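Sharing a structure below in structure tokens format, with a few things to ask.
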Amino acid sequence: MAVKNLLAALIGLLFVFGPNWIHFAHESAVITSVVFGSIQFIASLLAFIFKKSGWNSWLNWCSMLAGVWFVIFPFAYLSGLGEYVIYIVLGITSVMLNYYTMNED
């Protein structure tokens, strides 16, 4: 449980700092990535610290929904193929990590 939440938190950090490395063209894409990445990071980190798992853990739900947003995010904001691949793969990874964490109970 703990490792999956920690990995999801690290992916959230990648979403927070990703716009700086990828150099997004739209300011709204930067803001959205930072906000939802921060939500995922904080929720996953708190779930890691408090050892929360299962379908009743709102922290894992917040992190999972942020991951779902990052799967959709490239279609709304991004234009490059590399950006699409990075965000979709990390978003799916985040969703799967949270899904497995929620199924541990």
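Answer yes or no: is there a residue in segment 49-61 that is among the aliphatic types (A, V, I, L, M) and modelled with pLDDT of 95 or more. So that I can check it myself, show each step before the final result.
Start the filter on segment 49-61 by keeping residues that are among the aliphatic types (A, V, I, L, M), which leaves 49, 59.
With the extra rule that they be modelled with pLDDT of 95 or more, the set shrinks to none.
For segment 49-61, residues among the aliphatic types (A, V, I, L, M) and modelled with pLDDT of 95 or more: absent.
Taking segment 9-50 on its own, how many of its residues are open to solvent by less than 30 Å² (accessible area, probe 1.4 Å) and either under 19 Å from MET96 (Cα atoms) or in a helix (DSSP H, G or I) (or both)?
15
Hey, LEU65 hits all of (1) assigned to a helix (DSSP H, G or I); (2) open to solvent by 60 Å² or more (accessible area, probe 1.4 Å); (3) touching a residue at least 12 places away in the same chain (Cβ under 8 Å) but one; which does it fall short on?
(3)
Let me ask something else. Restricting to segment 69-79, give me the number of residues that are in contact (Cβ under 8 Å) with a residue 40 or more places away in the chain and surrounded by 12 or more Cβ atoms within 10 Å (Cβ to Cβ).
Counting residues in segment 69-79 that are in contact (Cβ under 8 Å) with a residue 40 or more places away in the chain and surrounded by 12 or more Cβ atoms within 10 Å (Cβ to Cβ) gives 4.
Among all residue pairs at least 6 apart or on different chains, which show Cβ distances below 9 Å where the first residue, located in segment 84-105, is open to solvent by 70 Å² or more (accessible area, probe 1.4 Å) and the second is among the aromatic types (Phe, Trp, Tyr)?
These pairs meet every condition: ILE92/PHE70; ASP105/TRP55.
The values are calculated or read from the model by the stated rules, or taken from the named source; none is laboratory data. Everything numeric in this text was worked out from a predicted model, so none of it was measured. Because the Cβ atoms are built from the backbone with ideal geometry, glycine has one as well, and the counts that use them run over all protein chains shown. Please note that ligands, DNA and RNA were not included when accessible areas were found on the heavy atoms of the full protein model with its side chains. Shrake-Rupley method; radii C 1.70, N 1.55, O 1.52, S 1.80 Å.
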